[in-house]
């Protein structure tokens, strides 16, 4: 520009001739320059004479050879709403910004300037952000320029602190076209932290309730065991005395009488049933007796192998047996009690395969509830336990066998729990697995 008349100078604020474009709104400068260079007949732009008052102009262009004449027409005199709008945007407690269709920053409040440091007239890729953030911002702005109202959560790491924002970007329409996008960045870090603390509190409350329920269940079970113990002591006294007399009488009769084959069978049945009744009384006393394990380091691998050798018949070959374990696996346990638990599980597995099958005992180390533990899994290939029965297999006096007392698995659970562990059962039509978990 070589000359600026007085009227145009008043409208544009009379800037220096070589800096008159500084009075043109940043987003309109490229359009105006292109219009002048292309010899267009008309151009529109926004100009300002200070920070608050904006004016909208039309520039009618006339080309005379290498000379271009412009007739400046002010189409909209000072917008009275602009100062109020600027004050409102500045007072908002979150970032507000606006970019034109070319991606140039044309408006922002001071909070946006503090957080991002971007100056008016800069593009997204001029803000010094990482390449992935630049690409994301361009994508979000592009979606808004196509008419979409975009909502996008973002997480940033700022000064060793995680900051959460929700970005809202909306298109700005001018007639039938989209001329810009406007966005707000809302800091929701406090809300996210409050939600995280709420979730943590709920988790702690659930854990406390679960612990209370377990403690209550343990207390109820101990009270029942105490009452059952008193009853068992009376039953044992009243039953074992007659059993002793029966044993003595049977032995005396066998010595004095000459028994034929049938009588011998009958006396054998008497002895067998008396022995079974005595074992039932013994199991009942074992179940109700308080358990205080006397722990010492012991090799579980050798203990399990010895129990399997004792309880799996090796003469018939009907049951195949496999112990999967490391060479040595030491754990502080009461070997006497644990031998009883493993024996009961192995016996149950063998009885679940009356014809033939395979017994597999697996020992392994694992992590359970963030604690190191040792697992003993006893698996059979029997018909399995019905799904409606599986939840109550550890209940005392529950049995599916005609000759069983229903205390074997109940004793197993008591022994394992006395070692601060747990025992679980899983079953289907291919067999059953009992797993003992004992923490180190």
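The values are calculated or read from the model by the stated rules, or taken from the named source; none is laboratory data. Just so it is clear, the structure is predicted and the values come from calculations on it, not from any experiment. Because the Cβ atoms are built from the backbone with ideal geometry, glycine has one as well, and the counts that use them run over all protein chains shown.
This table checks each residue for (1) over 23 Å from residue 428 (Cβ atoms); (2) within 33 Å of the chain's Cα centre (by Cα); (3) in contact (Cβ under 8 Å) with a residue 60 or more places away in the chain.
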{"site": "302", "(1), (2), (3)": "yes, no, no"}
{"site": "306", "(1), (2), (3)": "yes, no, no"}
{"site": "318", "(1), (2), (3)": "no, no, no"}
{"site": "331", "(1), (2), (3)": "yes, yes, yes"}
{"site": "340", "(1), (2), (3)": "yes, no, yes"}
{"site": "345", "(1), (2), (3)": "no, no, yes"}
{"site": "363", "(1), (2), (3)": "no, yes, yes"}
{"site": "374", "(1), (2), (3)": "yes, yes, yes"}
{"site": "379", "(1), (2), (3)": "no, yes, no"}
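What single numbered condition from (1) part of a loop (DSSP other than H, G, I, E, B); (2) over 30 Å from residue 224 (Cβ atoms); (3) touching a residue at least 40 places away in the same chain (Cβ under 8 Å) fails to hold for residue 353?
The single condition residue 353 does not satisfy is (3).
Residues checked against (1) within 29 Å of residue 222 (Cα to Cα); (2) assigned by TED's automatic domain parsing to the domain that holds residue 414; (3) not in a helix (DSSP H, G or I):
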{"position": "241", "(1), (2), (3)": "yes, no, no"}
{"position": "249", "(1), (2), (3)": "no, no, no"}
{"position": "254", "(1), (2), (3)": "no, no, no"}
{"position": "268", "(1), (2), (3)": "no, no, no"}
{"position": "272", "(1), (2), (3)": "no, no, no"}
{"position": "281", "(1), (2), (3)": "yes, no, no"}
{"position": "301", "(1), (2), (3)": "no, yes, no"}
{"position": "305", "(1), (2), (3)": "no, yes, no"}
{"position": "309", "(1), (2), (3)": "no, yes, no"}
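Write out, first by first residue and then by second, each pair whose Cβ atoms fall under 8 Å of each other, whose residues are 6+ apart or on separate chains, and whose first residue, in region 264-287, is within 22 Å of residue 414 (Cβ to Cβ) while the second is exposed (fewer than 13 other Cβ atoms within 10 Å of the Cβ).
Cβ pairs passing all conditions: 276/403.
Out of all the residues in region 340-363, which are loosely packed, with under 14 Cβ neighbours inside 10 Å and in contact with a strand residue (DSSP E or B) (Cβ under 9 Å, 6 or more places away or on another chain)?
Passing the criteria: only 356.
Does any residue of region 220-231 turn out to be surrounded by 10 or more Cβ atoms within 10 Å (Cβ to Cβ) and either modelled with pLDDT of 80 or more or within 33 Å of the chain's Cα centre (by Cα) (or both)?
Within region 220-231, one or more residues are surrounded by 10 or more Cβ atoms within 10 Å (Cβ to Cβ) and either modelled with pLDDT of 80 or more or within 33 Å of the chain's Cα centre (by Cα) (or both).
Got a sec? Which of 329, 366 is touching a helix residue (DSSP H, G or I) at 6+ places or on another chain (Cβ under 6 Å), modelled with pLDDT under 90 and within 20 Å of residue 412 (Cβ to Cβ)?
329
Residues checked against (1) surrounded by 11 or more Cβ atoms within 10 Å (Cβ to Cβ); (2) within 22 Å of residue 382 (Cβ to Cβ):
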| residue | (1), (2) |
| --- | --- |
| 298 | yes, no |
| 320 | yes, yes |
| 323 | yes, yes |
| 326 | no, no |
| 329 | yes, no |
| 338 | yes, no |
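Does residue 394 meet the test of being assigned to a loop (DSSP other than H, G, I, E, B), within 32 Å of the chain's Cα centre (by Cα) and crowded, with 16+ Cβ neighbours inside 10 Å?
The answer is yes for residue 394.
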